[in-house]
Structure formats: C-alpha cells, structure tokens
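Enquirer: Quick one: the structure is below, and I'll ask about it shortly.
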Amino acid sequence: MEVNRTIEKEIGSYISTRLREYFGKGPSSVYVAIKLPYIAIQLRGFLAPTEKVLLRQEESRRVLKTRELLMKDLKTEISAELMRIGGFSTSEMYVDWNLEEKTGMLLVVLDNAAENTDRNWPKEVDESAFRLALEQIGNKTCKLPEDTEIFWLNHRIILLKHSGIFLNVEKELIKDGFSEELILAKRSVERTMHQQLIWKPVISRNVQDVFIDWNLEEDKGYIVLLLENEER
C-alpha cells in the first residue's frame, strides 16, 4: 500500500501544532515516514524555554519525566487523530528524546495492518555485515536479543525490532519497580554503542541519531537509526 504524501504532511502538521499547545513551543520541523505497519515521526528543534533552564541546572531527568507524563496523555489523542487522518488503528506507540540535540522520535505501530514483506534492503549494503555490527553492540551490552528484525523505512531511517532483550537481573529490577532507573541507564549505554560504532564501512553513511524505547512487559523494543544524508 502506497501512502499518500499528503497524509504524511497532515500528520506532521497535527503533531507540530499539538506539541506546541502542550509544551508551549513546537518543534522547528516534523518529518513523517510511513511504511506499514509503522509510522515514524521525527522531531527537530524541540526544546521549550523552561526545559532549557532545567537542562542548564542539570535537571534532565525532570525534563524527561515531565515529557513522559505529557506524552502519556497525548498518545490517546494522537491515536484518534491518526484514525481520522488515514484510518490508521494504533496498536503501540514508542517515544524517545535526545535532549542535547533537541530531537525526538515517535514510533507508531499500527494494528491490523499487513506488514510490508518487501524489506527493500539496499543492494549496496551487506546484510550479513550489518547484522555482525549489531552483534558487536549486543556483546558489549552483555546480551544479544533473542530475535532482531530489520526494516528500512526509507533511505535514512532503519528500524530494529528486538525481542528477548532483558537479562534476568533486569527483569527483577523491572518487577521491583526500578524500571525508570534501568531504562535511563540502558538507553544511555545502547545509544552510545550505536553512535560510537563506525557505521560508514557497513552502510556507506554514519548514524546521525539514535532513538530507543521498550515494551517492558513484553520484553521487546525498537531502535531507530537515523542516517546522515547521502553524499552527492
């Protein structure tokens, strides 16, 4: 199914307006990529004035916590609007922020949408080499996911779907109510690993930004790799 580009623009316009209403300042740009059953919504230039003050005071946790609470409320509205705009039924929604770069990513997983079986793996990219690079990262973070699916949403966005992620000790921390601390630490380590890896020999470009979020109850998660623009 080829999604009309007008739908992507309408979703982007809605997200920009709604975030401005919720946070007092909207992103400078919103980029939407749809490849069923996924909708990736990339935000740039997104940091409210009060958040800037908090970051100067090294209160990044407070910023993240506030955003988490606001997005928890906003997710329901976003799901309803996606249904209105394109008839999209939302199954799950994942969110991550890079406060230093003033960027963010909303990943929407659609319900009852046929998965695109054409993975559109670029001919110039060796899939085995790519998976080997992911394995190196997994080894450094102590555990390889039990399963990894890779989707190229477009020429700049690679989506990694992991399942069987957490160590037994991590599962116990989640069970005992330490999920917030675990997520903050795990996200920081994994983002650093992906950004430090020299991707250019593998996919001819480096990774510009990394976004990570999990479904703790189902022991699965998604990583979005945003690539640099192709050299001309």
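Enquirer: From the Cα gyration tensor of segment 1-137, with a ≥ b ≥ c the square roots of its eigenvalues, which class applies: rounded if a/c is under 1.5, or else prolate if a/b is larger than b/c, or else oblate?
Expert: Note, shape of segment 1-137 comes out oblate.
Enquirer: Of the peptides 169-176, 97-104, how do they stack up when ordered by the mean number of other Cβ atoms within 10 Å, highest first?
Expert: Descending packing order for the listed peptides: 97-104, 169-176.
Enquirer: Keeping all protein chains in the complex and leaving out DNA, RNA and ligands, what accessible area do you get for residue 50 with a 1.4 Å probe, in Å² to the nearest 10?
Expert: We get 100 Å² for residue 50.
Enquirer: Follow-up question, since we're still on this one. For the ranges 30-39, 127-136, what's the packing order if you count other beta-carbon atoms within 10 Å of each residue, average per peptide, and put the highest first?
Expert: 30-39, 127-136
Enquirer: Let me ask something else. Given the DSSP H assignment, sum -39500 (n - 2.57) over each helix run of at least 4 residues in the chain and divide by its residue total; what's the result at 222 nm in deg cm²/dmol, nearest 500?
Expert: One gets -13500 deg cm²/dmol as the mean residue ellipticity at 222 nm.
Enquirer: On to the next question. For the chain, I need the span (max minus min coordinate) of the C-alpha atoms along each principal axis, in Å, sorted largest to smallest.
Expert: 45, 44, 38
Enquirer: Apply the a/c threshold of 1.5 to the C-alpha gyration tensor of segment 27-108 and tell me whether it is rounded, prolate or oblate.
Expert: The shape class here is prolate.
Enquirer: Starting from the Cα of residue 10, step 7 Å along the direction of its Cβ; do the same at residue 197; then give the gap between the two resulting points in nm.
Expert: About 3.8 nm separates the two model spin labels.
Enquirer: Right, next: Calculate, in nm to one decimal, what residue 147 and residue 44 gain on full extension: separation in residues at 0.36 nm each, minus their alpha carbon distance.
Expert: 34.0 nm
Enquirer: Using mean Cβ contacts within 10 Å as the protection proxy, how do 55-65, 205-215 order, highest first? Write out the running numbers ahead of the final one.
Expert: Values: 55-65: 13.1, 205-215: 18.6.
Highest mean packing first, the order is 205-215, 55-65.
Enquirer: For segment 9-67, with equal point scatterers placed on the C-alpha atoms only and solvent neglected, what are the log10 I(q)/I(0) values from the Debye formula at q = 0.12, 0.15, 0.17 1/Å, to two decimals?
Expert: The Debye formula, applied to the Cα set alone, gives -0.34, -0.51, -0.62.
Enquirer: Also: Taking the Cα centre of each part, how many Å lie between segment 195-215 and segment 1-72?
Expert: One Cα centre to the other: 21 Å.
Enquirer: Right, another one. Give me the 1.4 Å probe accessible area per residue for the chain, excluding ligands and nucleic acids, in Å².
Expert: Accessible area per residue: 54 Å².
The values are calculated or read from the model by the stated rules, or taken from the named source; none is laboratory data. Computed from a predicted structure; not experimentally measured. As a convention, Cβ positions derive from the backbone with ideal geometry for all residues, glycine included, and neighbour counts pool all protein chains shown. All accessible areas refer to the heavy atoms of the entire protein, side chains included, with ligands and DNA or RNA removed. Shrake-Rupley method; radii C 1.70, N 1.55, O 1.52, S 1.80 Å.
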